[in-house]
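The values are calculated or read from the model by the stated rules, or taken from the named source; none is laboratory data. Fair warning: this is a prediction, and the values are worked out from it, not measured in the lab. Cβ atoms come from the backbone with ideal geometry, glycine included; neighbour counts cover every protein chain shown. Calculation scope for accessible area: heavy atoms of the full protein, side chains included, ligands and nucleic acids excluded. Shrake-Rupley method; radii C 1.70, N 1.55, O 1.52, S 1.80 Å.
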Amino acid sequence: MKVALHQGPPLGGDIEAGFARLETQTRAAALSGARMIVFPELLLPGYNQPDLHATLSQPLGGEWCQRVARIARDTGCGITLGWAERDGDTVYNAATAFGADGAVLGHYRKIQLFGPMEQASFAFGDSYCTFDLHGIPTALLICYDIEFPPHVRALAERGVKLILVPTANPEGFEHVSTVFVPARAAEMDLTIVYANFSGPEGDITFGGHSLIAGPDARPLVSATRGEALLVADISQPIAPALRSQQRADFRGV
């Protein structure tokens, strides 16, 4: 199965530009044979837009979700993206995966909120989300979540083999892409799709370096700092000797 991710500049709170990007890049991913495309964290309404997180946040199933579902149906490709979700008086940093038929496959609220801005804007999530993606047990995490090995281990213990990760990682933290994400994939014998922004948004400049890391820790595809649409076949065989046995071999003390 082929999956894709899009790395691009922040949208600066421009919702219509966001939907134009969603449609253009999802259509291109579909033409490349991808069954799912992953976009960055808080694509809608923007990551470094704290004034908009509460004011523009929407409920699950609201207008934003309906429009994303329609793009998925029109293009025949699933879509995963990060967005600001409102549930009553509470706002979450959320990610949702839509199938090619527009149905919601999975919905997740970020557990590890990073720094004072996120913690002022959002409530903490408190549960994992797993679902089947064309026969592959799949989960969602968001940005900082993937840096914590216990979260990836918990998902692996639930049988997950693919983790989709919308992210908004600033420059200077490239070690997350080059070290942490490949290590998490190799440790738990799974594939991670890590989709970042690239470029400035207010006082933050995002570092790009999006990638799809396979179970042998090797990037199937990776980007540097420019805009990129990455597509990879995640069903490529891995030599048994390169597959991690850590879960089976671990001994506590």
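Within the accessible area of segment 2-235, what % is carbon and sulfur when the probe is 1.4 Å and the other protein chains stay in place? That fraction is 51 percent.
Given +1 at the Cβ of Lys and Arg, -1 at the Cβ of Asp and Glu and no other charges, the dipole of segment 2-235 around its Cα centre is 620 debye to the nearest 20. In terms of accessible area, using a 1.4 Å probe and ignoring ligands and nucleic acids, H151, H6 rank largest first as H151, H6. Surface calculation, 1.4 Å probe, protein heavy atoms: R218 sits at approximately 150 Å² accessible.
Residues whose amide H lies under 5 Å from that of C129, counting only those 5 or more places away or on a different chain, are L140; hydrogens are built 1.01 Å from N in the peptide plane.
Once you reduce segment 23-51 and segment 74-117 to the center of their Cα atoms, the two points are 11 Å from each other. Largest first, the residues V3, V253 sort by 1.4 Å accessible area into V253, V3.
Got a sec? What order do D233, D132 fall in by accessible area at 1.4 Å, biggest, i.e. largest, first? Can you show the working numbers first?
Working: D233 55, D132 90 Å².
So the residues, ranked largest to smallest area, are D132, D233.
GNM, the chain, Cα, under 10 Å: largest mean-square fluctuation among P166, P45, P59? In the Gaussian network model the winner is P59. Pairs of alpha carbons in segment 1-128 separated by more than 25 Å make up 20% of all such pairs. Farthest toward the positive end of the dipole of segment 2-235, out of L155, G207, F114, is the Cα of L155, where the dipole comes from beta carbon charges about the Cα centre. Kirkwood Rh over Cα pairs of segment 2-235 into Stokes-Einstein at 20 °C, 1.002 mPa s: D in µm²/s? My calculation gives 126 µm²/s for D. Roughly how far apart, in whole Å, are the Cα centres of segment 203-218 and segment 1-21? So the separation of the two Cα centres works out to 16 Å.
Each residue of segment 18-32 is assigned a 3J(HN,Hα), and the resulting list reads x, 6, 5, 5, 4, 5, 4, 6, 5, 5, 5, 4, 4, 5, 8 Hz, derived from the Karplus form 6.51 cos²θ - 1.76 cosθ + 1.60 (θ = phi - 60°), x at Gly and Pro.
Across the chain, Cα pairs under 8 Å and at least six residues apart give a relative contact order of 20 percent.
Ligands, DNA and RNA are left out, and with a 1.4 angstrom probe the accessible area of the chain is 41 Å² per residue.
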